[in-house]
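For reference, the structure is listed below as structure tokens.
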Amino acid sequence: MQRKKIYLVRHGQTDFNLKGVVQGSGIDAPINETGRSQAAAFFEAYKEVDFDQIYHTSLIRTRQSIQQFVDRGIPTTALAELNEISWGEYEGTPMTPQENEYYLHMLHQWQEGNLDYAIAGGESPNQVAVRLQRGIDKIISGPGETILVCMHGRAMRIFLSLIFQYDLRYMDQFEHSNLCLYLLEQLGEDRFVLRKANDRAHLKAL
């Protein structure tokens with residue numbers, strides 16, 4: 001069995017992130033100037049790593065964030081299964097106090113175990129987990145040992161919960177920021193250890 005070492009990063013900053021606008025799987029926004037600087041800093045810090053395989057979502061902001069690695073000719077696959085959660089009718093909506101109150105209500109539902117709860121027209125954590133597990137299975141069974149994966153904040157939380165077999169009620173323990181790094185190392189068929197979490201050392205110069 002090939003034991004994977006997975007470098008899992010969140011995409012760089014977008015204007016939607018900067019303005020506090022809800023951005024899910026239905027918003028295909030590019031990274032902005034800050035996001036491009038974050039991507040360049042990550043590349044500079046990890047360009048010596050010999051990645052065997054790259055995965056990103058079907059949304060442009062994830063590919064752009066690791067484009068310099070892609071440009072090296074490393075085999076690259078877009079996995080829509082890794083896409084961000086759909087925030088339904090709230091995508092593209094500024095996070096007003098009223099919207100934030102609704103968001104906190106939703107988080108409370110999830111933390112109480114109501115993992116089928118979804119924002120109007122959006123996905124629930126359980127629905128996202130089903131497709132993310134398909135993506136994880138493709139990564140684990142796919143080629144290569146040293147893997148670069150770029151995805152999205154909420155989806156990352158669910159991805160990490162599935163990898164470590166945690167109850168999704170506790171997914172918010174996996175904090176994230178734009179172009180942060182989680183480094184995962186596989187020790188056995190179903191066992192991963194966490195080597196780095198929400199690591200931003202490569203961004204210190206920005």
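Of note:
- Look at segment 108-137: where a residue is of a type in the set (A, V, I, L, M), no partner that is open to solvent by 40 Å² or more (accessible area, probe 1.4 Å) and in a loop (DSSP other than H, G, I, E, B) sits 6+ places away or on another chain with Cβ atoms under 7 Å.
- Within segment 171-183, residues that are touching a residue at least 40 places away in the same chain (Cβ under 8 Å) reach partners that are in a loop (DSSP other than H, G, I, E, B) and basic (Lys, Arg) with beta carbons closer than 7 Å, at six or more positions or on different chains, in the pairs Ser177/Arg200; Cys180/Arg200.
- Here segment 178-196 is the region considered, the condition is being of a type outside the set (Phe, Trp, Tyr) and over 30 Å from Thr34 (Cα atoms), and the residue that is surrounded by the most Cβ atoms within 10 Å (Cβ to Cβ) is Gln186.
- Pro143 fulfils the conditions (1) crowded, with 17+ Cβ neighbours inside 10 Å; (2) touching a residue at least 60 places away in the same chain (Cβ under 8 Å) except for a single criterion, (1).
The values are calculated or read from the model by the stated rules, or taken from the named source; none is laboratory data. Treat the numbers as computed from the prediction; the structure is a model and nothing was measured. Please note: Cβ atoms are built from the backbone with ideal geometry, for glycine as well, and neighbour counts cover all protein chains shown. Only protein heavy atoms, including side chains, enter the accessible area calculation; ligands, DNA and RNA are left aside. Shrake-Rupley method; radii C 1.70, N 1.55, O 1.52, S 1.80 Å.
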